[in-house]
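**Student:** Dumping the structure here so I can ask a few things about it.
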Amino acid sequence: MSDEILYEVSGEIGWITLNRPQARNALTFAMYDRVAEICADIEGHGSPKVLVLTGAGEKAFAAGTDISQFRAFTKPEDALAYEARIDEVLRKIEGCRIPTIAAISGAVTGGGASIACACDMRIATQDARFGFPVARTLGNCLSMNNYARLASLLGPARVKDIVFTARLVGTEEAHRIGLFNELVADHAALMARAKELATTIAGHAPLTLRATKEAMRRLSAVNHTEDSDLVVMCYMSADFREGMEAFLAKRAPNWQGR
């Protein structure tokens, strides 16, 4: 697994690279855990002043969770534990003591999109595409915390639009609605701009940055209602099993609504 998450500190910048380009950087559970580990203990990982998260290659930041792992889900506890695990990873990213920048090239979908949204800033190449296409792929859902994070960033109407249509949002729209802070031409420009932006931020007062980051987190940290019934309804359904097998077999799913 060590090669699937690359981490290095260069100067005052930490770089996390999701490194499964052959799978469009789809995340295994171990990869999620490693990202969370770094973000939760940045002092123990070289003490950079800014953290950049990116994906290997030019085709994807991350195309969600590695779907083959869902085949092991046989009981409600499996689904609930998975969503709890993802929530914890995203909380660790949001709670990281230093600013985080998602440098996005290509697809940023599902769990990859969740990671990008948990970062403080997002810059993207012109070919980046963002979305949660689960309504046409797996038939699962997000946790309440994840929905709330998206609603805080995009607004409830846009969240429903993106999930209901299962479309991937292009860069110009993503920039217009405030999802992407900046757009660049290509992958080389992305890496250069990520370094430039991180260097600028690293030169600023760390306590001001930390206070602002934590203040924004507290503003959006509200108590959400129970969601276990929704998670179990989706993940334990025949539709989810059908969607997963159809996705892995590269065929269209046959939804039954049960």
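**Student:** For E88 and E8, what is the calculated FRET efficiency with R₀ set at 35 Å and r taken between the beta-carbons, to the nearest 0.05?
**Tutor:** 0.90
**Student:** Okay, next question. Set the Förster radius R0 to 30 Å, insert the Cβ-Cβ distance between E245 and E172 as r into 1/(1 + (r/R0)^6), and round the FRET efficiency to 0.05.
**Tutor:** 0.25
**Student:** How far is helix 187-202 tilted off the main Cα axis of the chain, in degrees rounded to 10, range 0 to 90?
**Tutor:** 60
**Student:** While we're on this one: What's the exposure ranking of V108, V52, going from fewest to most Cβ atoms within 10 Å?
**Tutor:** Neighbour counts put them in this order, fewest first: V52, V108.
**Student:** Return the whole-Å distance between the Cα centroid of the stretch 143-160 and the Cα centroid of the stretch 191-226.
**Tutor:** Centre-to-centre distance over Cα atoms comes out at 19 Å.
**Student:** Cut-off under 25 Å on the C-alpha distance; same-chain residues fewer than 8 positions from K92 excluded. Which lysines are left, in chain and number order?
**Tutor:** Hits, sequence-local ones excluded: K49, K195, K213.
**Student:** Which one, H45, F164, I115, is farthest towards the positive end of the dipole of the stretch 2-202 when Lys and Arg carry +1 and Asp and Glu -1 on their Cβ?
**Tutor:** F164
**Student:** Taking the Cα centre of the stretch 2-202 as origin and charging only Cβ (+1 Lys, Arg; -1 Asp, Glu), how large is the dipole, in debye to the nearest 20?
**Tutor:** In total the dipole reaches around 540 debye.
**Student:** Continuing with this model, one more query. Would you please give the FRET efficiency between M236 and S152, computed as 1/(1 + (r/R0)^6) with r the Cβ-Cβ distance and R0 = 30 Å, to the nearest 0.05?
**Tutor:** So, using R0 = 30 Å, E works out to roughly 0.60.
**Student:** Then there's this: Can you give the extra length, in nm with one decimal, that the chain gains between A72 and E214 once fully stretched, where that is 0.36 nm per residue apart less the Cα-Cα distance?
**Tutor:** Stretched out fully, the A72 to E214 stretch lengthens by 47.4 nm.
All of the numbers you see were taken from the coordinates with simple rules; none came from a lab. Every value quoted in this text rests on a predicted model; they were computed, and no experiment measured them. Cβ: placed from backbone, ideal geometry, glycine included. Neighbour counts: every protein chain shown.
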